[in-house]
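Single-structure report; data block below.
The values are calculated or read from the model by the stated rules, or taken from the named source; none is laboratory data. Not measured: the values here are computed from a predicted model. Cβ: placed from backbone, ideal geometry, glycine included. Neighbour counts: every protein chain shown. Quick note on the areas: whole protein, heavy atoms, side chains included, nothing else; ligands and nucleic acids left out. Shrake-Rupley method; radii C 1.70, N 1.55, O 1.52, S 1.80 Å.
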Amino acid sequence: MASEFEGACTVVTGGGSGIGLSLAKALAARGARVAIADIDGARALAAAEEIGHGARGYLCDVSDRQSLAALAADVEAHLGGASFVFANAGVCIHGSPLHETDPAEFDWLFDVNVRGTFNTIHAFAPQVLAQAAGGRPARFVLTGSENSVGLPFQGVMTAYTATKHAIMALADGLRRDLEGSGVGVSIVCPGPVNTGLWDSRRSRPDRFGGNAPLAGEEAHASAGFFANFVHPDETARLCLEGMANDEFIIITEPYIRGFAEKRHAEVQAALALADERVGSRT
């Protein structure tokens with residue numbers, strides 16, 4: 001995989017921290033020219049400076065289509081056409097049953113996680129397709145979640161789960177739509193990772209309620225809880241390993257099998273009932 005990344009222009013949204021930052025570091029170490037996009041421009045610039053190797057940082061709000069269009073133009077001008085695009089930016093809220101979720105936060109989750117992924121694909125598709133047409137490796141990588149393949153046994157985050165189910169649909173449809181183009185598609189589905197996702201509201205735009213970072217005991221408890229999870233460097237490693245094997249779904253935790261297979265069993269049971277019902281009508 002290192003030979004495919006060598007000299008390739010790669011874009012990572014949400015690249016200023018967490019999984020995105022770990023991906024950016026791993027890509028740069030493999031010789032890629034990395035564009036780090038983040039809603040926190042200072043964080044993106046700091047990440048690029050930390051990484052070096054010609055990495056560049058950009059302010060970008062993935063929920064804003066014009067912001068993505070500007071990013072795509074800047075990346076092409078500064079680094080050349082993008083070959084690998086990691087649609088990684090995402091936000092999360094915890095502890096809200098669906099019927100108690102604030103509609104403004106529901107909109108925010110879908111605008112960032114789902115619309116933001118679409119905006120990223122739409123903005124960079126011409127560049128990625130051009131790279132593939134020129135015979136160079138090219139791929140979209142979408143950051144899903146364990147929530148993409150089923151309903152985790154623990155935690156109440158139904159709106160977030162819905163967005164990650166949608167990411168799976170986008171990835172599967174994009175794979176079909178790009179078939180024969182030379183552009184690969186992967187969706188990485190990690191379990192919980194030690195990132196700042198617990199404090200997503202710290203960078204929330206004004207139109208969705210503004211910045212509202214956690215503070216005090218709540219922040220301390222949340223940070224401590226997430227500290228028990230997998231380091232994002234490990235998630236990035238597994239993601240790149242899955243890409244090297246041309247995997248579509250890249251799952252990072254074997255325990256995900258438990259609730260994924262529960263969903264599979266329900267689908268199989270429903271199909272068996274459909275066979276009976278259709279049979280009874282013929």
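Computed values, structure above
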{"quantity": "Diffusion constant of segment 41-145 at 20 °C, which comes from Stokes-Einstein with the Kirkwood Cα-pair radius and 1.002 mPa s, µm²/s", "calculated": "141 µm²/s"}
{"quantity": "Summed side-chain charge close to Pro192 - residues other than Pro192 whose Cβ falls under 14 Å, Lys, Arg +1, Asp, Glu -1", "calculated": "-2"}
{"quantity": "Where N is the number of residues in segment 145-260, Cα Rg divided by 2.2 N^0.38 Å", "calculated": "1.21"}
{"quantity": "Relative contact order (percent, whole number), segment 134-246, Cα cutoff 8 Å, 6+ residue spacing", "calculated": "26 percent"}
{"quantity": "Accessible-area composition of segment 206-265, carbon plus sulfur, in percent [1.4 Å probe]", "calculated": "54 percent"}
{"quantity": "Within the chain: Cβ-based charge dipole about Cα centre, in debye rounded to nearest 20 (Lys, Arg +1; Asp, Glu -1)", "calculated": "440 debye"}
{"quantity": "Residues whose placed amide H lies under 5 Å from that of Ser96, excluding near-sequence neighbours", "calculated": "Thr158"}
{"quantity": "Identified option (computed volume of the Cα convex hull per residue in Å³; candidates (i) 148; (ii) 129; (iii) 267)", "calculated": "(i)"}
{"quantity": "Per residue accessible area of the chain, 1.4 Å probe, in Å²", "calculated": "47 Å²"}
{"quantity": "Sorted peptide list for 157-165, 173-181, 19-27, criterion being average Cβ within 10 angstrom, highest first", "calculated": "19-27, 157-165, 173-181"}
{"quantity": "Relative packing of 51-61, 125-135, 205-215, which averages over residues the other C-beta atoms within 10 Å, highest first", "calculated": "51-61, 125-135, 205-215"}
{"quantity": "Relative contact order of the chain, defined on C-alpha pairs under 8 angstrom at six or more residues apart (%)", "calculated": "17 percent"}
